[in-house]
Amino acid sequence: MTPAETTITIRPARPEDAEGIAFVHATSWRETYGRFVDDPETNPWFAVEPRIGMWRSNLADDVLSTVVAVAGERIVGFASVQPTPDADAARPEELTMIYVLAAAHGTGAGQGLLDAVLGERPASLWVAADNPRARAFYRRNGFVADGAQSSFGPMKETVRLVR
């Protein structure tokens, strides 16, 4: 990132952010989880185009509470939270997504996103078991594993964290 892009602004996502969020979503997945697949360049989990429509719909229908991290004119991260629909849910809300481009790691974007979308409220989230950077971030923010495990997409093992 250039010096002009090191100032991060966190703001609510808007419908016109769909393409930028989709780009960050797919790119950060490739950067973080590409090692779990044979060819991340052709794997559909890492494609931008299908995510654009998904994000247009999410933002238009207000499905998730979403915030973006902006550096200069560019979205470099986003986070989303939603009420957990299950009556027996581990927590009333779930942090469904928080992704920051690798180029923006260490800028405070991730912390700013978490603070803006969730604050100190109790929540649950799922994280790849083999993602030490993310797990350390969540640990610093009071999240602990509760023993639940699953899998998702290219990740063979995910663990649920709660606070």
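The values are calculated or read from the model by the stated rules, or taken from the named source; none is laboratory data. All values reported here derive from a predicted model rather than from experimental measurement. Cβ: placed from backbone, ideal geometry, glycine included. Neighbour counts: every protein chain shown. Heavy atoms of the whole protein, side chains included, go into the accessibility calculation; ligands, DNA and RNA do not. Shrake-Rupley method; radii C 1.70, N 1.55, O 1.52, S 1.80 Å.
List, please: which pairs have Cβ atoms under 7 Å, are six or more places apart or on different chains, and start with a residue in the stretch 55-70 that is open to solvent by less than 20 Å² (accessible area, probe 1.4 Å) and end with one that is part of a loop (DSSP other than H, G, I, E, B)?
Close Cβ pairs (under 7 Å, with a partner that is part of a loop (DSSP other than H, G, I, E, B)) amount to T66/A13; V67/A13; V68/A13.
Pairs please, first residue from the stretch 31-52 and aliphatic (A, V, I, L, M), second anywhere and at pLDDT 80 or above and open to solvent by 30 Å² or more (accessible area, probe 1.4 Å), Cβ atoms under 9 Å, 6+ apart in sequence or on different chains.
Cβ pairs passing all conditions: V48/E19; V48/F23; I52/E19; I52/F23.
Any residue that is farther than 26 Å from A26 by Cβ and over 15 Å from the mean Cα position of the chain (by Cα) - is there at least one of those in the stretch 124-139?
Taking every residue of the stretch 124-139 in turn, at least one turns out to be farther than 26 Å from A26 by Cβ and over 15 Å from the mean Cα position of the chain (by Cα).
Collect the residues in the stretch 98-123 that are surrounded by 20 or more Cβ atoms within 10 Å (Cβ to Cβ) and under 18 Å from T9 (Cα atoms), keeping them in residue-number order.
Answer for the stretch 98-123, where residues must be surrounded by 20 or more Cβ atoms within 10 Å (Cβ to Cβ) and under 18 Å from T9 (Cα atoms): I98, Y99, V100, L101, A104, T107, A109, G110, L113, L114, V117, L118.
List the residue pairs whose Cβ atoms are under 9 Å apart, where the first residue sits in the stretch 144-162 and is within 20 Å of A47 (Cα to Cα) and without any contact (Cβ under 8 Å) to a residue 40 or more places away in the chain, the second is open to solvent by 10 Å² or more (accessible area, probe 1.4 Å) and part of a strand (DSSP E or B), and the two are 6 or more positions apart or on different chains.
S151/E157; F152/W126
Please state which of the following conditions W126 fails to meet, knowing it meets all the rest: (1) open to solvent by less than 60 Å² (accessible area, probe 1.4 Å); (2) within 24 Å of A69 (Cα to Cα).
All conditions are met except number (1).
Evaluate the following for R121: is it over 12 Å from the mean Cα position of the chain (by Cα), not in a helix (DSSP H, G or I) and not small (G, A, S)?
Here the answer is yes, as R121 does meet what is asked.
Only residues that are under 26 Å from T107 (Cα atoms) and surrounded by fewer than 19 Cβ atoms within 10 Å (Cβ to Cβ): list them for the stretch 71-92, please.
Passing the criteria: G72, E73, R74, Q82.
If R74 meets every condition in (1) of a type in the set (D, E, K, R); (2) in contact (Cβ under 8 Å) with a residue 12 or more places away in the chain; (3) on the phi > 0 side of the Ramachandran plot apart from one, which number is that one?
(3)
Restricted to the stretch 16-49, and to residues that are open to solvent by 20 Å² or more (accessible area, probe 1.4 Å) and modelled with pLDDT of 95 or more, which residue is farthest from A103 (Cα to Cα)?
Out of the qualifying residues, it is E16.
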